[in-house]
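Have a look at the structure below before the remarks.
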Amino acid sequence: MRLLIFISFLFFYNISYCQVIFFINSDNIPVSDVYVELMNVNSNKKLISDIDGIVNINNNPLDNFVKTPIKISHISYKGFEGFCPKSDTTFKLIKSNILLDQVFVTAQISANNQSDVIQNTLLINRENIDSQGAVNLKDLLDKQMNMRISNDNILGSSITMQGISGQNIKVLIDGVPIVGRLNGNVDLSQINLNNIDRVEVIEGPLSVDFGTDALAGTINLITRTNLKENFSSKYNLYYESVGHYNSDFSVSYKFNNKTFFIDAGRNYFDGWSDNEDFSLIPSSQLADTNRVKQWNPKEQYFGKGQYLYEDKDFSSRIYYDFFAEKISNLGFPRMPYYETAFDDFYYTQRNNLGLDFLYKFNDLEKVHLLSSFNNYNRIKNTYFKDLTNLEQVLTSGSSDQDTSSFKMLMNKAVFSSIRLSNFNYQIGIDSKIEYAEGVRINDSSKKLGDHALFVTSEWKPIANFVLRPAFRLSYNSKFNVPLIPSLNALLSKNNFKTR
């Protein structure tokens, strides 16, 4: 009889103390992604609040006889340290004006504080982007340490990290690689920032997570998906006296757990030479020697549409974006009468369609699916132009007309677990099929397949020391790929960190 009473006591005690913590802000709006850590005697328990701001503690009933220390943190609110409540509780979080640490997600098993990331990182948030007046990724990274930006009138801008450039730097948008490299480089001036929430940079190799071309570093642009209000709109105008005239707008609408985003804009540069007169508004010019520019005129159009659906356990996002650019390389009038000239025009088009799916089995395990189709086309046309009547015809030279096309189909699935307090792991499958077409390619077209299995883990054998072993096993349709291992370590002591 006593045993039955004791079992009944434990049952009802567990019901009474299966605590629910509800997080809200000063406007009584639920706050998601609040990081909760229960520091038990045997092991720590890590939890994250859902979209409704709720965390289920689910303590063992015997644990409630002892006060359990709790630590609460969020990127935008002040933290809290104390003891776990013994009943359902509502926490009102206080806004933090100074963000000493920020969440980092690129190549992480779970969202992590930037200072706790094992690799050397750089995080540039939206406030930094706006304060610099950066329109594209080239403007943003131009003044960053350990990076060097080069510019070419035809090929655009390129980046060097830690003395390594070209194909060895991975550039991603929401984890999806950008296709269409010229001379091994991605033109950073073609990557606009009007809908980017933050830019995450990891210095050093990440070949296990993203493939063999992530040797020098990885740059990941995170698209804005959080909407604080039900409706938001923004319109930007940007002007520089050297001839930049840019404009873009963003419209966002949230209905229940569905959110729509539309972003579009136009960037225009009318060219520049050191001998030209200043003009506030671009105007037509005579077809004389002044038509030749040291920096070529450039015009860009871009847009992106997103649909986001969020629920308690999963979220999905589908998006489509396009980009179109025209570079005009106007030739010098030909002697003796300066009546004709050869003009080159370079057209770039990008079209990307993608699906992003995240499902949480619980607060400790999740699966993330990425699927995308990326299409890139670059066209070169050379014209012979009559400057007296402005008529033009295509030239017949073998290298005067050129079209290059790159397509990529990518599918990626990643399972992450932080169930154990001192050991977390991630298992992923990464599959990419690329197509290339052009007159400079053998047989005019090529196909390349790359399929890989990768495993990443984080082990904390002792306090303040983390090891991150990982490996990637790949199959490539064109060449043999060896097993790629990696090992990172982080040692923290007081205010010092050794990586």
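The values are calculated or read from the model by the stated rules, or taken from the named source; none is laboratory data. From a predicted model like this one, the values you see are computed outputs, not experimental measurements. Here Cβ is always computed from backbone atoms with ideal geometry, including for glycine, and neighbour counts include all displayed protein chains. Ligands, DNA and RNA are stripped out before the accessible areas are found, and what is left, the full protein with its side chains, is counted by its heavy atoms. Shrake-Rupley method; radii C 1.70, N 1.55, O 1.52, S 1.80 Å.
Here are the numbers for the structure shown:
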| read-out | value |
| --- | --- |
| Accessible surface of Arg334 - all protein chains present, 1.4 Å probe, nearest 10 Å² | 100 Å² |
| Relative contact order [Cα under 8 Å, 6+ residues apart], the chain, whole percent | 8 percent |
| Whole-number percent relative contact order across region 328-456, with pairs defined as alpha carbons under 8 Å at least 6 apart | 19 percent |
| Rh by Kirkwood over Cα pairs, then Stokes-Einstein D for region 408-499 at 1.567 mPa s and 4 °C, µm²/s | 81 µm²/s |
| Cubic angstrom per residue, convex hull over Cα atoms of region 429-474 | 90 Å³ |
| Sulfur and carbon atoms: percent of accessible area, region 322-434 [1.4 Å] | 59 percent |
| Sites Ile29 and Asp311 - FRET efficiency at Förster radius 22 Å, r taken between beta-carbons, to 0.05 | 0.80 |
| 20 Å Cα-Cα reach of Lys497 towards lysines, excluding residues that sit fewer than 8 places from it in its own chain | Lys460 |
| Ranked by how many other beta carbons lie within 10 Å on average, peptides 394-407, 474-487 from highest | 394-407, 474-487 |
| Which of Ala489, Ser445, Phe423, positive extreme of dipole for region 422-497 (C-beta unit charges) | Ala489 |
| Solvent-accessible area, 1.4 Å probe, carbon plus sulfur percent, for region 156-235 | 47 percent |
| Cα gyration tensor shape of region 196-307, rounded if a/c is under 1.5, else prolate or oblate by comparing a/b with b/c | oblate |
| Reach of Lys380 by Cα under 13 Å, taken over aspartates and glutamates that are not fewer than 8 positions away in the same chain | Glu325, Asp343, Asp344, Asp400, Asp402 |
| Beta bridges per DSSP with both ends in the chain, % antiparallel, nearest 5 | 95 percent |
| Above-threshold pairs, the threshold being 18 Å between Cα atoms, out of Lys293/Lys326; Lys170/Lys326; Lys45/Lys366; Lys228/Lys258 | Lys170/Lys326 |
| Whole-Å semi-axes of the ellipsoid equivalent to region 228-367 (Cα gyration tensor, √5λ, descending) | 46, 17, 10 |
| Gyration tensor over alpha-carbon atoms, region 266-340, equivalent ellipsoid semi-axes in Å | 45, 13, 8 |
| Charge dipole magnitude, Cβ of K and R +1, D and E -1 - the chain, Cα centre, debye nearest 20 | 1780 debye |
| Kirkwood-based Rg to Rh ratio, region 342-479, C-alpha trace | 1.24 |
| Angle between the chain longest axis and helix 2-16 axis [Cα atoms, degrees, rounded to 10] | 30 degrees |
| Residue-averaged 222 nm ellipticity for the chain, from DSSP H runs of 4+ at -39500 (n - 2.57), nearest 500 | -1500 deg cm²/dmol |
| Mean accessible surface per residue for the chain, computed with a 1.4 Å probe while every protein chain stays in place, in Å² | 54 Å² |
| Average projected area [Cα convex hull, region 124-227], square nanometres | 6.4 nm² |
| Spherically averaged projected area of region 174-245 from its Cα convex hull (nm²) | 7.4 nm² |
| Dimensionless Rg/Rh of region 384-457 - Kirkwood Rh, Rg from C-alpha atoms | 1.41 |
| Cut-off of 10 Å, at most 13 other beta carbons, DSSP loop: longest stretch of the chain lacking such GluC sites (Glu not before Pro) | 1-228 |
| Relative contact order of region 339-410, pairs being alpha-carbon contacts under 8 Å that are 6 or more residues apart, as % | 36 percent |
